[in-house]
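Visitor: Below: one structure in structure tokens.
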Amino acid sequence: MSTDNTISRRGLFMKMGILFNGLVATAIAVPVVRFILSSVTRGRANGYLSWISLGTVNQFPEGETRLATFRNPYVTPTDGKTADTACWVRRIAGEQFQVFAINCAHLGCPVRWFPQSALFMCPCHGGAYYQDGSRASGPPERGLFQYPYKIQDGLVSIRAGELPTPGASAALLGKKPPCA
Amino acid sequence: MRLIAKIGEWFDWRLQLAAPIREVAEHQVPKSTASWWYVFGSAALVVFLLQLATGIMLALIYVPSASEAWNSLQSLNHDVTLGWFIRALHGWGSNFMVAIVLIHMVQVFLFGAFKFPRELTWVVGVFLLLMTLGMAFTGQVLRFDQDAYWGLGLGASIASRVPLLGPAIVKLMLGGPIIAGATLSRFFALHVFVIPGMLIGFVGLHLLMVLKLGINEWPMPGRLVKKATYEHDYHELTQKDGAPFVPYAVWKDLFFAAFILLAVAACAAYFGPFGPSGQPDPTIIQTAPKPDYFFLWLYAVLSFLPPAMETPALLIGPVIVLGALLLLPFLSGEGEKSWRRRPIAVLTILLSAVTLATFTHLAGYTPWSPHMDAWSSDPIPARFLRHRTALERQGALVFQAKQCHNCHALEGKGGQRGPALDGVAVQLTQDQLIRQVIQGGGNMPAYGKNLTPAETTALVAFLQTLHPAAQAPARDASRAVAFGGNGENSSAVRPSSQP
């Protein structure tokens, strides 16, 4: 009888030991991976976005663009000031608004509004936008990100809660991203 | 003395370390490698050890919380005895480490040290470079100020451009939907545990390979590397013309390492720590974020990429560069080592150095950014206003009030986003000026909706006066035929009289 087909008692125990470790490792890996991906999966399950009030309609004069700030709806105890967010509110007329994200559509720097030249300008790479948020010049491929808004009981509310980025802009505009 | 020797013997009998250490220290190296060109690797290691030591000291005070990090840095800078100096050592150590790792890489490349049998040593070295840059970036994030905050936004914007997975990668990177507490915590984990752990492992591997394969001999023009004969030749060289590493070569490493440490300490003491700049409060938008020195070139490149190139360049560019670095020893594993006979290698280094230096220099004064306050702080030079009509002066007012000055310079003052306008009237006719102002184009926004016809007329009248005294403004020759006379159809806009 050749030794090739036999397996020693200790050899079998070693293989069972490896298998046992593999099973335990897999069992532990499942919660570990779920933990690591929690910031992604949580956003998909419950969504990070919700309606936030920016103040009364009368706070925003017609024909002007004003800076508004809000506290992000999803916060953790250590966020400090970083959970405060700014946005540009343009009241065109009556209940017609446009609410722009502060983040440049190029690489996210904070754009500033200049009523004199009626332009939004970015301090980082020279992006510029017209007053309606459309791209005027510079490296951005598109206009400013806009938050969906609604007027209810005299309050302006926007649907916000995620950092607007060029790749995720579809979600922000109210359309669902392809994989949601 | 006998007692010390006895204690030493007692320990070594149990540790059995003296023999292997002596073997490593006294291993034969080619005499030609005892050179000042061969000191950068050990210097990088010494600065890395400095970073470990100072990093641990900073961790005694630093609080990795988005609400407290900035305050704890202020406390380090101002309250804790010599906290500012430890921060400065760590910050300057970081700059020195990136610089020395790059110089080391250039030296290895020019001396052909990546060729057979040291291909894997080079590949591990490329990963060490990536980790060093990773440490520099994550370290900048831990200095949780405005630059760090918006720098993270920049990183998120780049990551979001990955097809399909982009939004998920952003949330994984930020640890949530926005840049906040979880973001800082995970960058702290990366900077303090993950990347240093990998660095220590890879540095050990890198050193082990240098020891096992031997240090690259001084490249002689014409002495070609052949896989069949190299190991035999190298062995012969270390036997015939070799010397023990300690003390024959090591003294230069020691001197250079001490010099570098002294330089880091001198910079730290003289220039002090980096930042932190303003508080990481996203509602403070009066800020112009900028990355640290070694990422400035990237900041400049990002402003020059045309919009259509942005995503492909950001996603494909790094893959190509990394691929080229990793494949280099496998595509060019044999042959000539000496830089004297590798002109393309030398040109590659020169071209890369000039390119990176140029972009870094440009990022120093960001000509692509409008000067946000030029319209209110840079007056129009008086000589452009003297002997001008009321309309032309009105145009100068429009020029300031509508912030043209933010992008266009006059006499070197103002923005550099668009061309300087000192001689614009020579280049553009009246019609062309009107068209350019109203419709924009060539990276200029259109001002048609923002200027009344009267303002446009005044502005163009002013712009038409902007030409050197000895040069006439541009004129559309067909106008003379169409309108008769000197070709002017409006009394408002007339040739200016230069003083």
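Visitor: For region B:281-310, what are the residues that are assigned to a helix (DSSP H, G or I), facing another protein chain (nearest Cβ under 10 Å), touching a helix residue (DSSP H, G or I) at 6+ places or on another chain (Cβ under 9 Å) and not aliphatic (A, V, I, L, M)?
Guide: Result: B:Tyr299, B:Ser303, B:Phe304, B:Glu310.
Visitor: Sticking with this one: Restricting to region B:276-294, name every residue that is buried (at least 19 other Cβ atoms within 10 Å of the Cβ) and out of contact with any strand residue (DSSP E or B) (no Cβ under 7 Å at 6 or more places or on another chain).
Guide: B:Pro276, B:Pro280, B:Pro289, B:Lys290, B:Pro291, B:Asp292, B:Phe294
Visitor: Continuing with this model, one more query. If we scan region B:40-48, do we find a residue that is more than 14 Å from chain A (Cβ to nearest Cβ), more than 30 Å from B:Tyr234 (Cα to Cα), in contact (Cβ under 8 Å) with a residue 24 or more places away in the chain and not aromatic (Phe, Trp, Tyr)?
Guide: Within region B:40-48 (the criterion being more than 14 Å from chain A (Cβ to nearest Cβ), more than 30 Å from B:Tyr234 (Cα to Cα), in contact (Cβ under 8 Å) with a residue 24 or more places away in the chain and not aromatic (Phe, Trp, Tyr)), the answer is yes, since at least one residue qualifies.
Visitor: Now for a separate question. Of a type outside the set (A, V, I, L, M, F, W, C) and within 14 Å of another protein chain (Cβ to nearest Cβ): is that true of A:Gly47 in this structure?
Guide: For A:Gly47, the condition - of a type outside the set (A, V, I, L, M, F, W, C) and within 14 Å of another protein chain (Cβ to nearest Cβ) - is met.
Visitor: Filter region B:394-406 for residues that are crowded, with 18+ Cβ neighbours inside 10 Å, of a type outside the set (Val, Ile, Thr) and more than 36 Å from the chain's Cα centre (by Cα) and give the result.
Guide: Within region B:394-406, B:Gln394, B:Gly395, B:Ala396 meet the criteria.
Visitor: Quick one: count up the residues across region B:208-249 that are touching a residue at least 12 places away in the same chain (Cβ under 8 Å), assigned to a helix (DSSP H, G or I), closer than 27 Å to B:Val126 by Cα and of a type outside the set (Ser, Thr, Tyr).
Guide: Looking only at that region, the number is 6.
Visitor: Assuming B:Ser497 fulfils every condition listed in (1) surrounded by 13 or more Cβ atoms within 10 Å (Cβ to Cβ); (2) in a loop (DSSP other than H, G, I, E, B); (3) modelled with pLDDT under 90; (4) not basic (Lys, Arg) apart from one, which condition is it?
Guide: B:Ser497 satisfies every listed condition except (1).
Visitor: Of all residues being assigned to a helix (DSSP H, G or I) and in contact with a Lys or Arg (Cβ under 8 Å, 6 or more places away or on another chain) in region B:311-332, which is farthest from A:Leu107 (Cα to Cα)? Just the residue, please.
Guide: Residue satisfying both the conditions and the ranking: B:Pro329.
Visitor: Please give the number of the condition B:Ala148 fails out of (1) within 7 Å of chain A (Cβ to nearest Cβ); (2) crowded, with 23+ Cβ neighbours inside 10 Å.
Guide: (1)
Visitor: If we keep just the residues of region B:184-206 that are touching a residue at least 40 places away in the same chain (Cβ under 8 Å) and aliphatic (A, V, I, L, M), which is nearest to the other protein chains (Cβ to nearest Cβ)?
Guide: B:Leu184
Visitor: Working only within region B:316-348, note down all residues that are surrounded by fewer than 17 Cβ atoms within 10 Å (Cβ to Cβ), closer than 16 Å to B:Met105 by Cα and not small (Gly, Ala, Ser).
Guide: Answer for region B:316-348, where residues must be surrounded by fewer than 17 Cβ atoms within 10 Å (Cβ to Cβ), closer than 16 Å to B:Met105 by Cα and not small (Gly, Ala, Ser): B:Val321, B:Leu322, B:Leu326, B:Leu327, B:Val346, B:Leu347, B:Thr348.
Visitor: Quick one: in region B:61-113, which of the residues that are within 28 Å of A:Thr76 (Cβ to Cβ) and among the aliphatic types (A, V, I, L, M) is surrounded by the fewest Cβ atoms within 10 Å (Cβ to Cβ)?
Guide: B:Ile61
Visitor: Further question on the same structure: Among the residues of region B:154-171, is any charged (D, E, K, R) and either more than 22 Å from B:Met198 (Cα to Cα) or within 14 Å of chain A (Cβ to nearest Cβ) (or both)?
Guide: Yes, region B:154-171 contains a residue that is charged (D, E, K, R) and either more than 22 Å from B:Met198 (Cα to Cα) or within 14 Å of chain A (Cβ to nearest Cβ) (or both).
Visitor: With the requirement that a residue be under 20 Å from A:Ala136 (Cβ atoms) and in contact with a helix residue (DSSP H, G or I) (Cβ under 8 Å, 6 or more places away or on another chain), what does region B:443-459 give you?
Guide: Matches in region B:443-459: B:Met444, B:Ala446, B:Tyr447, B:Gly448, B:Leu451, B:Glu455, B:Thr456, B:Leu459.
Visitor: Right, next: Does B:Pro289 satisfy the condition of being touching a residue at least 24 places away in the same chain (Cβ under 8 Å) and within 21 Å of B:Trp84 (Cα to Cα)?
Guide: no
Visitor: Now, a different point. Determine which member of the set B:Thr283, B:Thr311 is at pLDDT below 95, over 19 Å from B:Gln146 (Cβ atoms) and polar (S, T, N, Q).
Guide: That would be B:Thr311, the only listed residue that is at pLDDT below 95, over 19 Å from B:Gln146 (Cβ atoms) and polar (S, T, N, Q).
Visitor: In addition: Residues of region B:380-416 being of a type in the set (S, T, N, Q) and touching a Cys at 6+ places or on another chain (Cβ under 9 Å), which ones?
Guide: Hit for region B:380-416 is B:Gln416, nothing else.
Visitor: Do the conditions hold for B:Gly181, that is, is it within 14 Å of chain A (Cβ to nearest Cβ), crowded, with 21+ Cβ neighbours inside 10 Å and of a type outside the set (Phe, Trp, Tyr)?
Guide: yes
Visitor: Being within 22 Å of the chain's Cα centre (by Cα) and in the same structural domain as B:Leu207 (by TED's automatic domain parsing), is that true of even one residue in region B:71-84?
Guide: no
Visitor: Next up: Looking only at residues that are free of Cβ contacts under 8 Å to residues at least 40 places away in the same chain, in a loop (DSSP other than H, G, I, E, B) and within 11 Å of another protein chain (Cβ to nearest Cβ) in region B:440-471, which one is surrounded by the most Cβ atoms within 10 Å (Cβ to Cβ)?
Guide: B:Pro445
Visitor: A further question follows. Could you count how many residues in region A:69-123 are over 20 Å from the mean Cα position of the chain (by Cα) and of a type in the set (D, E, K, R)?
Guide: Adding up the residues that qualify gives 4.
Visitor: Still on this structure, please answer the following. Out of the residues in region A:1-53 that are touching a residue at least 40 places away in the same chain (Cβ under 8 Å) and not in a loop (DSSP other than H, G, I, E, B), which is nearest to A:Gly154 (Cα to Cα)?
Guide: By that ranking, first place goes to A:Ser53.
Visitor: Next question, about the same structure. Does B:Phe259 satisfy the criteria of being in a helix (DSSP H, G or I), away from every other protein chain (no Cβ under 14 Å) and without any contact (Cβ under 8 Å) to a residue 12 or more places away in the chain?
Guide: yes
The values are calculated or read from the model by the stated rules, or taken from the named source; none is laboratory data. Note that this is a predicted model, so its numbers are computed, not measured. Positions of Cβ are backbone-derived with ideal geometry, glycine not excepted, and every protein chain shown enters the neighbour counts.
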